[in-house]
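Presented below is the structure to which this report refers.
The values are calculated or read from the model by the stated rules, or taken from the named source; none is laboratory data. Owing to the predicted nature of the structure, the values given are computational and were not obtained by experimental measurement. As a convention, Cβ positions derive from the backbone with ideal geometry for all residues, glycine included, and neighbour counts pool all protein chains shown.
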Amino acid sequence: MKYESVIGLEVHVELKTKTKIFCGCSTEFGAEPNTHVCPICLGLPGVLPVLNKEVLHFAIKAGLALHCDILPFSKFDRKNYYYPDLPKNFQTSQFDLPICKGGYVDIEVNGEARRIHLTRIHMEEDAGKLVHSGATIDTSDSTCVDYNRTGVPLLEIVGEPELRSGEEARAYLEKLRAVLQYLGVSDCRLEEGSMRCDANISVRPVGSTTLGTKTEIKNINSFSGVQKGIEYEAVRQAQILDEGGTIQQATRGWEEAKGITVLQRIKEGDSDYRYFPEPDLIPIEVAPAYIEEVRGELPEMPDARRKRFMEELGLPEYDANLLTLEKQTADYFEAVVRDGADAKTASNWMLGEFAKKLNEEGLRADQAPVQPDRLAELLGLIAKGTISGKIAKTVLPEMWSSGKTAAAVVKEKGLVQITDTGALEEIVKKIIAANPQSVADYRAGKKKAIGFLVGQIMKETKGRANPGAVNELLTKNLQ
Amino acid sequence: MKISAEEIKKIALLSRLEIKEDQIDSTGKQLNDILSYMDLISQVDITDVQPTAHAVSMRNVMRDDVPRPSLPNDKALQNAPEPENGYFKVPKVIQD
């Protein structure tokens with residue numbers, strides 16, 4: 001039978017505030033265990049949590065950018081459950097009056113545009129980190145808890161189950177990341193846990209309108225993992241149904257290395273969280289004037305920037321898409337263009353050699369040792385004909401590792417392009433004389449033979465010959 | 001009896017209270033008394049009453065995003081029965 005998938009994502013992002021959501025402890029990552037804690041985030045008796053203004057600000061900003069309704073009246077609630085990563089035995093979250101409702105994310109996959117609706121966005125606190133003493137959780141007889149992360153502000157973004165494939169889920173998540181990064185409210189690093197994603201997925205026969213039993217995939221920490229985990233789970237569920245089996249409602253963990261999902265625990269009905277209004281926190285009223293003030297702060301969003309790159313800079317859609325996926329990449333690209341580079345050339349380099357270097361070293365554009373003005377200078381040398389594009393590809397790694405300017409590398413290594421036709425013609429003549437067979441082939445009509453001769457000339461000049469001039473001179477001298 | 005022995009056991013589990021078999025009857029009676037009182041309250045006409053989110057009528061009590069000193073590690077762990085290398089050590093846990 002043919003099946004279709006019904007997928008909904010729950011995404012948590014850590015907000016980039018200086019302090020925690022309800023206390024003045026630092027949110028900085030990587031501190032010694034239990035050194036960013038205080039009586040409030042440790043849940044000691046008698047303390048009074050107070051909401052961090054910036055958390056509300058960021059939540060409203062994200063809500064506006066994602067086209068949500070901002071609720072004029074909102075409150076916090078206690079979500080009760082027992083697990084040692086919560087020192088209070090409840091998580092302060094929002095239940096029936098979240099800060100944002102509705103909203104949507106526009107995605108495009110394989111040329112098809114789709115609008116994925118959001119259910120809600122709410123504010124809550126992060127939990128602590130458990131460190132298991134043994135090799136695995138099963139072999140540990142105790143667990144160590146670090147509460148530094150407890151109370152770091154989170155936004156939970158709940159999407160409607162409108163996604164239909166792993167590819168769409170990935171596009172949705174990438175779009176969310178782009179929007180939140182552009183706003184500067186979160187780093188959204190899946191690998192580092194500042195963005196986390198749980199996927200709910202069920203399958204049903206194509207055309208059916210009833211929902212199948214769903215499973216929840218946890219432990220996804222890469223964009224490819226979102227896509228592959230969902231694709232794997234869709235196939236697994238379809239196989240079970242085809243064999244006449246039934247799907248068990250369960251939480252499954254994504255194992256990136258093996259590319260499979262494994263059963264974590266079976267879910268029977270909804271957990272009993274016994275939500276109730278948080279008596280220690282005062283409700284929130286958001287004035288329309290404040291919403292407008294925050295709306296005025298919204299920067300250019302990824303879609304608008306993509307459109308501008310196409311319309312004003314004349315970039316193809318493909319380039320504009322890739323360059324705007326991460327804010328840092330788009331910022332870098334615009335700086336290179338501002339420093340005088342041609343937009344399409346800059347884009348080719350950003351998506352080619354530059355991206356290659358970043359990937360090799362696991363860096364973001366803003367972390368590259370070569371600054372935008374330096375890259376613009378390199379591209380300028382190509383434009384002026386000082387060096388060829390091919391030579392420039394050897395100059396970039398040199399700039400990258402030595403920190404030198406393009407001009408300095410070119411000068412030091414003697415890479416200046418030979419454009420002096422007199423000098424070039426001599427080399428051309430020499431190569432023609434040395435390769436009678438290729439010359440004969442060429443004259444006999446094998447036009448491809450010219451490629452070999454060009455190669456020889458490039459070898460002779462260590463790639464410094466101007467390719468246009470070489471072609472011209474060769475054609476002339478071969479006649 | 002409005003509340004069953006099963007429900008009492010569930011509530012006891014959720015609130016991590018130990019209720020012995022011979023206490024179920026008396027606990028049930030007490031809980032039922034409370035529930036009956038709630039029934040009395042629910043007779044009040046609340047047609048024009050807004051739901052209460054909080055007992056005090058204040059709004060928007062917030063603080064600026066300015067760091068304040070945290071506790072030193074030894075103070076944070078002062079009441080921990082089994083601190084280890086700066087961590088709180090707890091018995092092995094698997095989420096249920």
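Checking A:L415, A:L375 one by one, the residue that is outside any helix (DSSP H, G or I) and either more than 19 Å from A:K462 (Cβ to Cβ) or not assigned by TED's automatic domain parsing to the domain that holds A:L358 (or both) is A:L415 and no other. When A:S186, A:S142 are checked against the criterion of being of a type in the set (S, T, Y) and under 15 Å from A:A65 (Cβ atoms), a single residue qualifies: A:S186. Considering the conditions (1) over 21 Å from A:R189 (Cα atoms); (2) among the aromatic types (F, W, Y); (3) part of a strand (DSSP E or B), A:Y232 is excluded by exactly one of them, (3). Take the residues of segment A:45-101 that are out of contact with any Phe, Trp or Tyr (no Cβ under 9 Å at 6 or more places or on another chain) and charged (D, E, K, R): which is modelled with the lowest pLDDT? The selected residue is A:K88. Of the residues making up segment A:31-38, not a single one is touching a residue at least 24 places away in the same chain (Cβ under 8 Å) and more than 11 Å from chain B (Cβ to nearest Cβ).
Filtering segment A:289-315 to residues that are more than 14 Å from every other protein chain (Cβ to nearest Cβ), part of a helix (DSSP H, G or I) and within 28 Å of A:V55 (Cα to Cα) leaves A:E292, A:E293, A:V294, A:R295, A:P302, A:D303, A:A304, A:R305.
Could you go through segment A:166-181 and let me know if any residue there is in the same structural domain as A:E233 (by TED's automatic domain parsing), among the small types (G, A, S) and surrounded by fewer than 19 Cβ atoms within 10 Å (Cβ to Cβ). For segment A:166-181, residues in the same structural domain as A:E233 (by TED's automatic domain parsing), among the small types (G, A, S) and surrounded by fewer than 19 Cβ atoms within 10 Å (Cβ to Cβ): absent. Of the residues making up segment B:57-84, those that are within 7 Å of chain A (Cβ to nearest Cβ) and part of a loop (DSSP other than H, G, I, E, B) are B:M58, B:R59, B:N60, B:V61, B:D64, B:D65, B:V66, B:P67, B:R68, B:S70, B:L71, B:L77.
Taking strands (runs of 3 or more DSSP E) that do not extend beyond segment A:51-143, which have at least 2 residues that are touching a Pro at 6+ places or on another chain (Cβ under 8 Å) and away from chain B (no Cβ under 13 Å)?
Answer list for segment A:51-143: A:112-125.
Is it fair to say B:L17 is outside any loop (DSSP other than H, G, I, E, B) and either in contact with a Pro (Cβ under 8 Å, 6 or more places away or on another chain) or away from chain A (no Cβ under 11 Å) (or both)? The answer is no for B:L17. Selection within segment A:385-412: residues that are of a type in the set (G, A, S) and in a loop (DSSP other than H, G, I, E, B). The member of this set that is surrounded by the most Cβ atoms within 10 Å (Cβ to Cβ) is A:S388.
Here's the yes/no breakdown for (1) surrounded by 14 or more Cβ atoms within 10 Å (Cβ to Cβ); (2) of a type in the set (A, V, I, L, M); (3) in a helix (DSSP H, G or I):
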site	(1), (2), (3)
A:G445	no, no, no
A:L453	yes, yes, yes
A:A469	yes, yes, yes
A:K476	no, no, yes
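The selection criterion, being polar (S, T, N, Q), touching a Lys or Arg at 6+ places or on another chain (Cβ under 8 Å) and not assigned by TED's automatic domain parsing to the domain that holds A:A449, does not hold for A:Q367.
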